[in-house]
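A short write-up of the structure that comes next.
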Amino acid sequence: MSNLTITHVPVAGSAALREEGVLATLGLGSCVALMLYCAASRTGALAHVLLPSELVSRDRSRPAKFGTTAVAHLLNEMRLLGSGIQVEAYLVGGASMFGRLLLTGGINMGERNLASLRTALARAAIPITAEDVGGEFGRSVYLDVATGAVRVTSVQHGERAL
């Protein structure tokens with residue numbers, strides 16, 4: 001990772017950078033970090049997706065909050081920074097933090113978030129380059145926009161490069 005300024009992305013928030021800096025989000029449980037990256041322009045964006053769709057929320061004012069709207073939102077933010085069209089995706093999170101407490105057939109919000117993002121990415125014809133998803137543990141993630149390097153950390157599994 002570059003030794004540069006880190007831009008922290010809050011829950012249901014997003015950020016985009018070009019050429020330098022690190023995008024980070026901490027404490028992902030059932031939430032999913034959606035990262036889009038264009039190597040040609042060294043442009044990256046990150047959304048901390050909280051819910052699969054707007055249908056499960058009263059507050060629909062933040063497009064990064066939902067799997068159904070986060071992809072288009074990040075693409076627009078990247079285009080404003082001069083991103084190219086060759087974009088790849090990374091997904092991190094989507095854990096079942098309390099899986100043992102779910103009844104059989106219960107709602108797993110992490111899986112629902114991942115499914116909505118995969119559908120939106122497929123519709124936008126954006127390939128998923130790598131992912132670190134599922135399980136029953138939290139994660140934090142860092143995207144270095146200068147290099148495209150993605151680093152995932154967790155208490156249970158240490159540090160991993162995607």
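In the full protein context, the chain carries 49 Å² of accessible surface per residue, based on a 1.4 Å probe and ignoring ligands, DNA and RNA. Ranking H157, M109, T129 by how far each Cα lies toward the positive end of the dipole of the chain (charges on Cβ) leaves M109 at the top. Taking a point 7 Å from the Cα of T119 along the Cα-to-Cβ direction, the residues of the stretch 36-69 with backbone N closer than 15 Å to it are 51-57, 66-69. Just add up the charged neighbours of Y142: K/R +1, D/E -1, any other residue whose Cβ is under 14 Å from the Cβ of Y142. So the surrounding residues net to -1.
Computed about its Cα centre, the charge dipole of the chain is approximately 340 debye, with only Lys, Arg, Asp and Glu carrying charge at their Cβ. One decimal place: the segment H157-A39 gains 39.7 nm when fully extended, by the rule 0.36 nm per residue minus the C-alpha distance. Working from label points 7 Å from Cα in the Cα-to-Cβ sense, the T129 to A149 distance is 1.3 nm. Close amide H pairs (under 5 Å, H built 1.01 Å from N) link G21 with V145, A146, residues at least 5 positions away or on another chain.
When the helices of the chain are scored as -39500 (n - 2.57) per DSSP H run of n ≥ 4 and the total is divided over every residue, the value at 222 nm lands at -6000 deg cm²/dmol. Surface composition of the stretch 1-151: carbon plus sulfur atoms contribute 54% of the solvent-accessible area (1.4 Å probe, protein chains only, all chains present).
The values are calculated or read from the model by the stated rules, or taken from the named source; none is laboratory data. Predicted, not measured: the structure shown is a model, and the values here were computed from it. Neighbour counts run over all protein chains shown; Cβ positions are idealised from the backbone, glycine included. These area figures cover heavy atoms from the full protein model, side chains too; ligands, DNA and RNA do not enter into them. Shrake-Rupley method; radii C 1.70, N 1.55, O 1.52, S 1.80 Å.
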